[in-house]
Amino acid sequence: MNVPFVSFRPLEARIGQDLRAAFDRVLDNSWYIHGAEDDHFEQAFASFCGTKYCVGVGNGLDALMLALKALGIGPGDEVIVPSNTYIATALAVSYVGATLVFVEPDIRTFNIDPQLIEDAITERTKCIMPVHLYGQPCDMDPIVKIANKHGLYIVEDCAQAHGALYHGQRVGSFGNLSGFSFYPGKNLGALGDAGAVTTDDEALADKVRALGNYGSDYKYHHIYQGNNSRLDELQAAFLSAKLPSLDEVNEDRRKTAQKYFEGITNPDVVLPTVIDGVAPVWHIFGIRCNRRDELQEHLAQRGIGTNIHYPIPMHLQECYRDLGFSEGAFPIAEEISKTELSIPMYFGMTDEEVQWVIDAINCF
């Protein structure tokens with residue numbers, strides 16, 4: 001049996017007609033930027049997240065970067081980010097000219113460890129950027145408490161966590177601003193690049209919208225030195241077609257994750273820990289194994305697709321060599337990078353496919 005790491009076909013088979021209708025609707029309307037489709041999706045996604053406002057942008061990196069710009073964060077400011085995340089989180093900080101301050105994760109969850117945040121705060125700290133990595137919510141109560149205590153902003157990186165719940169509240173509704181990616185592989189994915197920023201602050205929403213539209217609040221009037229980052233009508237229409245299925249998609253992933261939790265018993269494999277009060281959406285199901293590369297090859301020989309998130313931690317990436325970090329600077333992030341293996345997780349996995357993965361891991 002072959003089990004791919006990810007497959008879009010089960011969902012596309014379910015909503016293919018809706019996606020084609022969305023395409024035809026946009027083509028018939030002959031309006032491609034900032035139109036009715038964008039308005040409709042923004043309102044629907046804001047409602048889904050439990051926020052007052054949503055602003056569509058070009059991609060998830062832009063969502064984070066524009067959020068930071070809207071808060072006035074720039075050179076001389078420090079932003080706290082987890083040492084274990086996708087590089088877009090760090091790039092957003094770099095793009096506004098602020099200084100990255102890495103904080104180690106809790107190795108059990110892969111998410112930033114709230115107990116380590118306060119020690120990283122200085123008089124230059126302006127923002128904490130928690131990342132709900134792999135679709136598992138960060139422990140937001142202590143993070144919010146720390147931010148309030150020190151007068152810091154929170155920008156949530158929700159790129160992998162559409163619909164995830166923390167004590168019944170959707171991620172994307174805790175921060176001053178929150179950034180989402182709708183890259184095609186995400187639980188809510190467009191058919192190309194797309195992103196969004198959510199917030200309860202009308203002034204910040206307006207600023208993000210202007211910053212993403214060349215800094216313009218109305219045509220040919222530019223109040224900021226902005227960017228060109230807008231959610232186009234076609235991707236907005238596709239996202240609107242997919243959004244009604246998102247809760248079902250997430251619940252299907254939770255059921256697959258539960259089968260993994262119950263079925264994987266290999267003592268050489270460490271499963272992720274889910275903290276109390278959260279409902280992850282399992283964009284990625286990451287396990288750890290000290291013989292990770294051997295396990296990956298073992299699974300490949302049995303037709304099982306896998307991935308590694310992420311093989312080189314950010315502080316050791318060549319593009320951040322100027323930060324001066326060497327191996328050993330962030331040992332937990334480095335340990336995760338050496339041992340993490342992402343196993344198949346997607347909507348529509350059959351019981352037989354899931355069991356094939358479980359059995360293959362257990363016989364390693």
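Listed values, structure above:
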| item | result |
| --- | --- |
| The chain: relative contact order as a whole-number percent, Cα under 8 Å and 6+ apart | 23 |
| Cβ-defined net charge surrounding D77, 9 Å radius [Lys, Arg +1; Asp, Glu -1] | +1 |
| Between region 22-100 and region 247-279, the Cα center-to-center distance that results, in Å | 29 |
| Difference of contour (0.36 nm per residue) and Cα-Cα distance, K255 to S216 | 9.5 nm |
| Dipole of the chain, positive end: most advanced residue of I336, P142, C127 [Cβ charges, Cα centre] | C127 |
| Span from the region 329-364 Cα centroid across to the region 166-206 one, whole angstrom | 26 |
| Positive-end residue, region 5-129 charge dipole about Cα centroid, Cβ charges, pick of V93, I33, L116 | I33 |
| Heavy-atom accessible surface of region 1-131: percent carbon and sulfur, 1.4 Å | 51 |
| Percentage of interatomic Cα-Cα distances in region 218-364 larger than 25 Å | 49 |
| Prolate/oblate/rounded label for region 61-180 (Cα gyration tensor, a/c 1.5) | rounded |
| Local net charge near N227, Cβ-Cβ under 12 Å (Lys/Arg +1, Asp/Glu -1) | +2 |
| Rough spin-label spacing in nm, given labels placed 7 Å along Cα→Cβ, for D276 and N148 | 2.0 |
| Within the accessible area of region 226-313 (1.4 Å probe), percent carbon and sulfur | 44 |
| Among 173-182, 311-320, the order from most to least packed when residues are scored by Cβ within 10 Å on average | 173-182, 311-320 |
| Convex hull (Cα only) mean projected area of region 1-63, reported in nm² to one decimal | 6.5 |
| GluC sites (Glu not before Pro) lying in DSSP loop within region 71-153, provided at most 14 other Cβ fall within 10 Å | E123 |
| Cα centre as origin, Lys/Arg/Asp/Glu Cβ charges: the chain dipole, Debye | 220 |
| CD proxy at 222 nm, helix term only [per DSSP H run n ≥ 4: -39500 (n - 2.57); per residue of the chain; nearest 500] | -11500 deg cm²/dmol |
| Whole-Hz couplings from phi, Karplus 6.51/-1.76/1.60, listed for region 226-238; x for Gly and Pro | x, 10, 9, 8, 10, 7, 6, 4, 5, 5, 4, 5, 4 |
| Surface per residue (accessible, 1.4 Å probe) for the chain, Å² | 43 |
| Net +/- balance of residues flanking G328 in space, Cβ distance below 15 Å, scoring K and R +1, D and E -1 | -3 |
| Cα shape, region 76-141, gyration tensor, a/c 1.5 rule | oblate |
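The values are calculated or read from the model by the stated rules, or taken from the named source; none is laboratory data. What you see is a predicted model; the values in this text were computed from it and never measured. Using ideal geometry, Cβ is built from the backbone for each residue, glycine included, and neighbour counts are taken over all protein chains shown. Heads up: the accessible areas ignore ligands, DNA and RNA and are worked out on the full protein's heavy atoms, side chains in. Shrake-Rupley method; radii C 1.70, N 1.55, O 1.52, S 1.80 Å.
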